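Q: Handing you a structure now.
Any read-out appearing in this document is the output of simple, stated calculations on the displayed coordinates, not a laboratory observation. What you are looking at is a predicted structure, and each value in this text was computed from that prediction instead of being measured. In this analysis, Cβ positions are derived from the backbone assuming ideal geometry, glycine residues included, and neighbour counts consider all displayed protein chains.
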Amino acid sequence: MNGQVSLLAEGTPHWWPPKVEDFFLPGWIYPWVTKFTVMVWIAVAIVILFYVVSYRNPKLVPGKAQWLAETIYSFGRDGIGTDIIGPEGVRFAPYLTSLLSFIAVMNIFGILPFFQIAPTAHIAIPVALAAVTYVLYVWVGVQKHGFLKFMKLMTIPAGAPGFMLPLLIPLEFLQNFIIRPFTLSVRLFANMFAGHFILLVFTLGGFLLLNAAVDPGLAARDRDHLPRIAGRRPAGVRVRDPDRRLPAGLTRRRALTSANRFRYKFTATPVSAA
Amino acid sequence: MAGDQQPPGRRGEWSAADIGWTALGYLISGMAFWGFVGWLVDHWLGTRGIAIGVGCILGAALGIYLVMRRLGA
């Protein structure tokens, strides 16, 4: 224990506790450009460059990059567009694929060294994406059904008895127009934030735990590992001292069987009194 | 491509997470809306928390009803 180096030994390190300034790159435009902003720019640049480069010279038999781009597009068109929206979902394939690629690239930032956080772990970004998508959703719905029919579809639950409608319509309205975009964005945000949070708990918590365990003075004074609160042993817990003389008739081997160890530990007189 | 050979049409099934979040959304919206109405009634009539309790329970019941309508067998 004495050999371990205390990371907090020389006072609090400069990164502890985390500050608001940690969100900003040093030397950048202070209140406007955060690390998240830069990561979003990088993600946008990656997505645009990838599709532009892989489709700059399209061939009938695709190369590797074109194959990858076509596979992603095909997933966005068929896996999301047609399968979930229906046959008319093909119209939205470009939007869905852009959204898919953008979110995927941003999420991958969460496991890249030196980034280690996805921009989607910032609630503003899923909320913005959900807002854009929801405006599109409502707009398309109103275009297709007309405003009144659309509101009827969105707020009147099918098959409910008429006398319950005044009670149920506000709920459907709230659910479909406010809660659902909110939960959809929270789902993305919470997943990415939880990943980052676990990472942070393990690294920072690991440092703190290591530092809490290492106190060279205490470790040198006492060799037991009984629990301590603020450096003191709780009252009523006695010390087990391994160098203490054993009771008559008890060999060390027997003394260390579990039942005996328990008795030995809690009935032993401290070595100073012996 | 392989993806093109799948039969077209709607899948018609929700993922388990979708169902869970929809149920959560109905419960929250029920309790939030009718709880809020109950809070307003509390302020209006000067009752201390009776109407908000009634509103929350009513909202939860309506939310469960809608969950059963939408997702139940």
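Q: Quote to one decimal, in nm, the extra length available between residue A:190 and residue A:211 on full extension: 0.36 nm per residue of separation minus the C-alpha distance between them.
A: Details: separation 21, 0.36 × 21 = 7.56 nm, distance 3.02 nm.
Answer, rounded to one decimal: 4.5 nm.
Q: Moving on to the next point. So what is Rg over Rh here for segment A:158-217, counting just Cα atoms and using Kirkwood for Rh?
A: Numbers: Rg = 23.4 Å, Rh = 15.7 Å.
Answer for segment A:158-217: 1.49.
Q: Taking the Cα of residue A:135, stepping 7 Å toward and past its beta carbon, and measuring to each backbone N in segment A:88-107: which are under 17 Å?
A: Backbone N within reach: A:95-96, A:99.
Q: Mind sorting B:68, B:31 by how few other Cβ atoms lie within 10 Å of their own Cβ, fewest first?
A: Fewest to most other Cβ atoms nearby, the residues stand as B:68, B:31.
Q: Given points 7 Å out from each Cα along the Cα-Cβ axis, report the residue A:61 to residue A:84 separation in nanometres with one decimal.
A: Calculated label separation equals 3.6 nm.
Q: When A:91, A:77, A:187, B:48 are ordered from fewest to most other Cβ atoms inside 10 Å of their Cβ, what list results?
A: Ascending number of Cβ neighbours within 10 Å: B:48, A:91, A:187, A:77.
Q: Follow-up. On a C-alpha basis, how far is the centre of segment A:144-173 from the centre of segment B:43-69 in Å? Whole number, if you could?
A: 20 Å
Q: Simple spin-label model, 7 Å along Cα-to-Cβ: residue A:128 to residue A:68 in nm?
A: It works out to 2.5 nm between the two label points.
Q: Can you give me the convex hull volume of the Cα atoms of segment A:34-110, divided per residue and expressed in Å³?
A: About 100 Å³ per residue, rounded to a whole number.
Q: Roughly how many nanometres apart are two label points built 7 Å out from the Cα toward the Cβ at residue B:71 and residue A:115?
A: 3.3 nm
Q: Taking a ≥ b ≥ c as the square roots of the eigenvalues of the Cα gyration tensor of segment A:20-213, is the shape rounded (a/c under 1.5), prolate (a/b larger than b/c) or oblate? Write out the running numbers ahead of the final one.
A: Details: a/c = 2.36, a/b = 1.27, b/c = 1.85.
Oblate shape, in that a/c is at least 1.5 and b/c is the bigger or equal ratio.
Q: Could you name the lysines in cross-link range of residue A:152, using Cα to Cα under 23 Å and dropping any fewer than eight places away on the same chain?
A: Qualifying lysines at Cα under 23 Å: A:144.
Q: Counting just the Cα atoms, what span does segment B:16-71 cover along each of its three principal axes? Round to the nearest Å and put the largest first.
A: Projected onto the principal axes, the Cα atoms of segment B:16-71 cover 43, 15, 11 Å.
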